[in-house]
Amino acid sequence: MTLDILAYAAFFLSMALTYAIICLGLNVQWGMTGLFNVGIAAFVAVGAYTSALLTTPPSPDRFGGFDLPIFVGWLGAAITSGLLSWAVGALTIRLRSDYLAIATFGIAVTVQLCMLNLQPITGGAFGIGFIPRPFAGLQENALLFSLANFGVMALVVLALYLGLEHLAKSPWGRVLRAIREDEMAAQALGKRPIRFRLQAFSLGGAIMGLAGAAQAHFIGFIAPDNYMPILTFQVWAMLIVGGSGNNRGAIAGAVLVWGLWALSAAAVSSFVPAEQQARAASLQIVAIGVGLCLMLLWRPRGLFGEVSPLTRLKSLRRAPSKE
Amino acid sequence: MNPQFIMDGLIAGAIIGLGAVGVTLTYSILRFSNFAHGELLSWGAYLALAVAGALGTLSAGLTKPIAPFSFGWALPLAAVIAIGLTGLLALAVDALLFSSFRRRGSAIIIMVMASFGASLALRSLLEFLFTSRPAYFTKALQIAMKLGGGLRATPDQLLMLGVTLVSVVTVHLLMTRTDIGRAMRAVSENPALASIAGIDVRRVIRTTWFLGAALACVAGIMSGLLIQIRPYIGHDLLLPLFAAAILGGIGSVPGAMLAGLIIGLCEALAVQAVGAEWRAAVSFVILIAVLLVRPRGLFGKAS
Amino acid sequence: MTGSILSTSGLVAGYEPDLPIVHGIDFSVASGELVVLLGPNGAGKSTFVKAIAGLVPIHAGTMLLNGRDITHVAPHRKVAEGLAFVPQTENVFATMTILENLQIAVAHLAKAKRAAAIEALFARFPDLAARPSRLAGALSGGQRQMLAVARALALDPPVIILDEPSAGLSPKIVSEVFEMLKAINASGVTVLLVEQNVKAALAIASRAVILAEGRIAHEGLPQDLASDPLVGKIYLGTAHDHQKAPA
């Protein structure tokens, strides 16, 4: 019994950590750089599908299945999503800040369409199954299998965390911060803000793609339904709750919000009669939306946030005013 | 190629155009892209549905179709009430949410984010109240009339085109010929100067919300009458609305309407040429093309 | 000196609550005066008049117009109460026509009186009357300044405040602008003027006030200030006047 609970806890935490990876990617874009991405689901999906195509065994009814090692799949996922982010960013970062938001929203809609309609590649509405899972040899032993997977996720999160912390303190991170604090000054120093922003946006997108791949291999099955707009909302809620600009907050927010989400979903399915469950689920989403707004209104620094990009953006906005 | 796509495109374009006029107004006066604008379309449609239902139970005569249309007097009456209610909804969301950010001088992107949260909450609230099962204003079937040139349209569809034309001309005259219209353009150009020129900026903001919501409600009802009412109708139209507002040039009412028609026609053409499943990608392609070639749009001001 | 028409006491103002730029100014303008506000860059002159107009938040102190407390009155109400303000830059609606700019300005009047008010403005500024349908954005710098002043005068305000009206104008136009201000003052309107163009401003002023670091540093008659070498050197930058003169 306790072993079951332990296995479940490992499973739950692994899932939460996949969200933590997405959240870290978003933090590079929003927390470090102030770029708003409304198409998170698309970048995660592109990563998941890329890795699935690269690592699944060849399949007669669709393109690919290249049977490559999982590691290659993850790398390919990060590269593809990174390239997609780069393309979106290159097009919109030089324009008004909300044009990027609109373009990422468009990407989300379009990627959703592609997943559904490019059947020969994506498997259409049914998606792709039989994605190789890490430590498949251990599957006989549920506990060991869960723990091993959890270990991999924890390692990935830890490595990303250390890497991003290091990056924030590196010259690159300092330039990024300088641009965010005072774009004019950074420009005067010969730094090209657009290039740095674009790099940060691509890096964030690549991390989201990696997260998509990690999630796909963890679950073993992907379909367009996994990448609905609600995923984007959930990740935003995680980052806002955790406090943007803060990598530890991003991880903590992911675990906390995923926990609340899973808990309330479990409550809905056990206490609400079956015919009312769809309705109850929509109330759950109303709660996320309202919660996001309330956090923005009352605690814009997040529960664990140390630094707020809001005040920084504010000072940036006011920089040109005279006297 | 079947010329009928022109009629289909014009009707879809009329709906997109009306919604885009609202987007372009809120964008130019409140200075952020409102991701919750689509939900005003959905709420408008459901509010009209609810009011029409209530009117129908009061008097069965109101549901009897007015020849040659498919609906009874209950719908136009409900539409008028729903326009007011949708306007109030927009004002309530502004009072509860966006006005606080304005007072604090928050960054634009925080408002965008809040609108994103608001859209999620509003849409899911509709799903909670009405479920995601499609609903209909009328069950009556209409036969399309031949218009010549290979075009066909139902009386309902022709009425929609007429209502759109009247709405857009009204908004255009309001913007160019009236005090409040001039005040709206002044605030859109320079809110600080507007205030010291004697304009009550808060009143202009309230008017903008109400006007945008009223147009959204009309568009939502038309979309519901044309196909069906679902909680997602607004969300599914959001990308075309943004694309039309940007293609038309932010702040331009005629631009938004024209761009809406262009996008509607392109969608209809794509449905014939490529297939209905790719319809939603059309506005994305147009959006990307505009951002690449002419980010200020057809009638936008250079910035 | 006749009664004060506009006064502030202990006025503290600035964009951020914790970062005041104006540090408690006691200031008063008597009816009919033409007061010029001088001071080095960053002294807070512009912020001070913007705070009076309602464009910069006031954190402490009070402000009276004709004896009425207008400290926390919204900017558009201040206009209706008779306080007109002409900002330094972006002081006309560039995307709208001359006529539309003036229509906005007279919107507080009853509908029946508007046409006459616009006619009166056109009579006063014949340059603007020539082509009322021109876009304000297409006007020359001097014409824009005319339109901005015309807009401010539309409601016959007892007080008009101008923030550096000569900035960016050619010397010939500058002297025209100062002539215009003199005429406006002569017609009975109280004028408060922020200026960098010290000599020209002192030439038309009835009194000068010097601001430094958000406080009043010196006050006096123009002729006394102009001849005081210390004041000139420290606050007015007359030593560098040739550099500041607009090109």
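Answer yes or no as to whether A:ASP67 is open to solvent by 40 Å² or more (accessible area, probe 1.4 Å) and either modelled with pLDDT of 95 or more or part of a helix (DSSP H, G or I) (or both). Break it down into steps so the answer makes sense when it comes.
Details: open to solvent by 40 Å² or more (accessible area, probe 1.4 Å): yes; either modelled with pLDDT of 95 or more or part of a helix (DSSP H, G or I) (or both): no.
Against the criterion (open to solvent by 40 Å² or more (accessible area, probe 1.4 Å) and either modelled with pLDDT of 95 or more or part of a helix (DSSP H, G or I) (or both)), A:ASP67 does not qualify.
Taking the conditions exactly as written (touching a residue at least 40 places away in the same chain (Cβ under 8 Å) and either touching an Asp or Glu at 6+ places or on another chain (Cβ under 9 Å) or open to solvent by less than 40 Å² (accessible area, probe 1.4 Å) (or both)), does C:LEU155 satisfy them or not? Steps first, answer last, please.
Numbers: touching a residue at least 40 places away in the same chain (Cβ under 8 Å): yes; either touching an Asp or Glu at 6+ places or on another chain (Cβ under 9 Å) or open to solvent by less than 40 Å² (accessible area, probe 1.4 Å) (or both): no.
The answer is no for C:LEU155.
Yes or no: C:GLY54 touching a Lys or Arg at 6+ places or on another chain (Cβ under 7 Å), over 26 Å from C:ALA183 (Cα atoms) and of a type outside the set (Val, Ile, Thr)? Before you say what the answer is, go through the steps one by one.
Working: touching a Lys or Arg at 6+ places or on another chain (Cβ under 7 Å): yes; over 26 Å from C:ALA183 (Cα atoms): yes; of a type outside the set (Val, Ile, Thr): yes.
Spelling it out, C:GLY54 is indeed touching a Lys or Arg at 6+ places or on another chain (Cβ under 7 Å), over 26 Å from C:ALA183 (Cα atoms) and of a type outside the set (Val, Ile, Thr).
Condition check ((1) closer than 19 Å to A:PHE126 by Cβ; (2) among the small types (Gly, Ala, Ser); (3) under 20 Å from the mean Cα position of the chain (by Cα); (4) surrounded by 19 or more Cβ atoms within 10 Å (Cβ to Cβ)) across all residues:
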site: A:ILE40; (1), (2), (3), (4): no, no, yes, yes
site: A:PRO58; (1), (2), (3), (4): yes, no, no, no
site: A:PHE63; (1), (2), (3), (4): yes, no, no, no
site: A:PHE71; (1), (2), (3), (4): no, no, yes, no
site: A:GLY82; (1), (2), (3), (4): no, yes, yes, yes
Would you confirm whether any residue within region B:118-140 is more than 17 Å from B:LEU41 (Cβ to Cβ), away from chain A (no Cβ under 14 Å) and either free of Cβ contacts under 8 Å to residues at least 24 places away in the same chain or open to solvent by 50 Å² or more (accessible area, probe 1.4 Å) (or both)? yes
Can you tell me which residue within region B:80-104, out of those that are open to solvent by 10 Å² or more (accessible area, probe 1.4 Å) and among the small types (Gly, Ala, Ser), is nearest to the other protein chains (Cβ to nearest Cβ)? B:SER100
Please work out which residue is farthest from B:LEU238 (Cα to Cα), limiting yourself to region B:267-283 and to residues that are surrounded by 21 or more Cβ atoms within 10 Å (Cβ to Cβ) and not small (Gly, Ala, Ser). B:GLU267
Scope region B:201-259; condition in contact with a helix residue (DSSP H, G or I) (Cβ under 9 Å, 6 or more places away or on another chain), outside any helix (DSSP H, G or I) and more than 14 Å from every other protein chain (Cβ to nearest Cβ); matching residues: B:ILE227, B:ILE229
Could you please let me know if C:ALA123 is more than 19 Å from C:THR190 (Cβ to Cβ), free of Cβ contacts under 8 Å to residues at least 24 places away in the same chain, part of a helix (DSSP H, G or I) and not hydroxyl-bearing (Ser, Thr, Tyr)? yes
When you check A:LEU53 against the structure, is it open to solvent by 20 Å² or more (accessible area, probe 1.4 Å), at pLDDT 90 or above and within 19 Å of A:GLY209 (Cα to Cα), yes or no? yes
Residue hits (region B:144-162; out of contact with any Phe, Trp or Tyr (no Cβ under 6 Å at 6 or more places or on another chain) and in a helix (DSSP H, G or I)) are B:GLN157, B:LEU158, B:LEU159, B:MET160, B:LEU161, B:GLY162
So is C:ALA208 in contact (Cβ under 8 Å) with a residue 60 or more places away in the chain, open to solvent by 40 Å² or more (accessible area, probe 1.4 Å), part of a strand (DSSP E or B) and out of contact with any His (no Cβ under 7 Å at 6 or more places or on another chain) or not? no
Looking for whichever is surrounded by fewer than 24 Cβ atoms within 10 Å (Cβ to Cβ) and within 15 Å of the chain's Cα centre (by Cα) here; the options are A:LEU231, A:LEU239, A:LEU283, A:LEU260. Which one fits? A:LEU231
Report those helices (runs of 4 or more DSSP H) wholly inside region A:86-200 carrying at least 1 residues which are surrounded by 17 or more Cβ atoms within 10 Å (Cβ to Cβ) and either at positive phi or at pLDDT 95 or above (or both). A:97-117, A:142-169
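How many residues does region B:163-200 contain that are out of contact with any helix residue (DSSP H, G or I) (no Cβ under 7 Å at 6 or more places or on another chain), within 14 Å of another protein chain (Cβ to nearest Cβ), open to solvent by 30 Å² or more (accessible area, probe 1.4 Å) and part of a helix (DSSP H, G or I)?
Just the residues of region B:163-200 that are out of contact with any helix residue (DSSP H, G or I) (no Cβ under 7 Å at 6 or more places or on another chain), to begin with: B:165-166, B:169-170, B:173, B:176-178, B:189-190, B:192-193.
Those still in the list that are within 14 Å of another protein chain (Cβ to nearest Cβ) too: B:176-178, B:189-190, B:192-193.
Remaining after also requiring open to solvent by 30 Å² or more (accessible area, probe 1.4 Å): B:176-178, B:189, B:192.
Restricting the remaining residues to those that are part of a helix (DSSP H, G or I) gives B:176-177, B:189, B:192.
Residues meeting the conditions: 4.
The values are calculated or read from the model by the stated rules, or taken from the named source; none is laboratory data. As the structure is a prediction and not an experimental result, all values here were calculated from the model. When we count neighbours, we look across all protein chains shown, and the Cβ atoms used for this are built from the backbone with ideal geometry, even at glycine. What goes into the accessible areas is simple: the full protein's heavy atoms, side chains included, and nothing from ligands, DNA or RNA. Shrake-Rupley method; radii C 1.70, N 1.55, O 1.52, S 1.80 Å.
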